[in-house]
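None of the figures in this text is laboratory data; all of them are computed from the coordinates on show. A quick note: this is a predicted structure, and the numbers were derived from the prediction, not measured. For neighbour counting, all protein chains shown are included, and Cβ atoms are generated from backbone atoms with ideal geometry for every residue, glycine included.
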Amino acid sequence: QMRNALALAQEIHPLAFVFKVKEVQLDIAMKDYTKAQAKLNHLEGLNMRSVELLIARATILLHQGDNAAGLQILDKAFENAEDPIDVLQLIIDAHLSQGDYPRAINALLKWCNMEGEPFEESALYQLAMCLDFTNEYDRALELFHAFTIREPYNPLLWYQIGAFHLRKNQEKKALQAFEWATLADENYHPAHFEQGRIHERNERLYDALNAYRQSISDEVPSGYIHFRIGLIELELGAPKEALRQFNTAIELENDIDDIHLERAGVLMDLELYADALKDFQRVWLEEAYGEEDVLDYVECLIELDDLDEAIRILYDGIAKFPTAIQLRLVLSGYLIAIDELAAAQTVLAETLQKEPKTLLLFAEYFPELPKIPAVGAILASIQRENHD
């Protein structure tokens, strides 16, 4: 539709330069660089010049990989542009695409230091990113503090100051900066979240809980925030509220690491074993579990009277964690429980090769089992074979 409109406009105004430029820009936007270059060559041959054409020429050169020539033209365009921001954005993108962060910083500072212009969020974010990549934390703090003189109530500036203080492990100063950000805008959710993280690390759980709750945003919902709240509620002894938070987190983001395991643990505490089983089964399909999680899953299955499945899970766990002595001890005990004495003897004998104290640990884990004559005989046989 745009191309048809431009064609019609040029029929009505065949000499209008602005429409010819728009046509070149449209070709570039459609990534038809061959057509754009041909039209550009024609216009330049007619001695037609403009900042827009310089930008178009530079864009084509950058696309062709001739960054030096493209940037040189962009510098010229910047000097002549009435509105230089578009040119600066192209210059910044070119530097970033090459990983040339120092030059990108210089261009971003030109943008941020333009007189009479409010700070552009994208420029501040990119500047912070570049300073982070170059590990210039002190310079970043100096710059963003200077920016607050111009805009003292800009929460993003205070947020970045806090973030760079965190890079320097200066938590008190970071916390103060995040507080300034929330004073500037009480609904600036990222600053509340960072406050929550600092409080949580320092075990100020009620402060962390309050900050995390204030970081919840309807516009940008985050399951991870509800996950953190759930973990704190759990630590504060409120499993039902923790479960509610985990449920919300899963509704928002179903792929958060460990969340299904955490919810399974809460469900088991609440004796909702059938519901916990569903979470364990999901985690096992993705194989995203650790040694302790195997024991929790087995406990859930035992509560559901599914000993055969518990034994299968233990075998799977041993295959994944071959040095996990506790899994082997538990497996041997359950094998004895279903009268699979030969299988239990094999597991214990293999475990003894890995851990010399296996038989002692087994007796501590299952103090009643060695009193059973058949089990005592197995243990004695394993001990004899080991000495032989």
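Just to be sure before I move on: is D86 under 25 Å from P190 (Cβ atoms) and either assigned to a helix (DSSP H, G or I) or in contact (Cβ under 8 Å) with a residue 40 or more places away in the chain (or both) in the structure I sent?
Here the answer is no, as D86 does not meet what is asked.
Within the stretch 200-230, can you find the residues that are out of contact with any Lys or Arg (no Cβ under 6 Å at 6 or more places or on another chain), crowded, with 19+ Cβ neighbours inside 10 Å and free of Cβ contacts under 8 Å to residues at least 24 places away in the same chain?
Answer for the stretch 200-230, where residues must be out of contact with any Lys or Arg (no Cβ under 6 Å at 6 or more places or on another chain), crowded, with 19+ Cβ neighbours inside 10 Å and free of Cβ contacts under 8 Å to residues at least 24 places away in the same chain: A211, I229.
Search the stretch 263-300 for residues being more than 20 Å from V330 (Cβ to Cβ) and small (G, A, S), and hand back the single one that is surrounded by the most Cβ atoms within 10 Å (Cβ to Cβ).
A288
Of all residues in the stretch 337-362, which are part of a helix (DSSP H, G or I) and free of Cβ contacts under 8 Å to residues at least 12 places away in the same chain?
Passing the criteria: A342, A343, T346, Q353, L360.
For the stretch 301-336: of the residues being assigned to a helix (DSSP H, G or I) and of a type in the set (G, A, S), which is surrounded by the fewest Cβ atoms within 10 Å (Cβ to Cβ)?
Result: A319.
Go through T148, T182 for me and flag whichever is over 29 Å from L74 (Cα atoms), polar (S, T, N, Q) and buried (at least 21 other Cβ atoms within 10 Å of the Cβ).
From the options T148, T182, the qualifying one is T182.
Cβ contacts < 9 Å: first residue in contact (Cβ under 8 Å) with a residue 40 or more places away in the chain, restricted to the stretch 109-135; second residue surrounded by fewer than 16 Cβ atoms within 10 Å (Cβ to Cβ), any location; separation 6+ or different chain. Result?
Matching pairs, first to second residue: none at all.
I'd like the full set of residues that are under 18 Å from A337 (Cβ atoms) and exposed (fewer than 12 other Cβ atoms within 10 Å of the Cβ), limited to the stretch 349-373.
Passing the criteria: E364, P367, E368, K371, P373.
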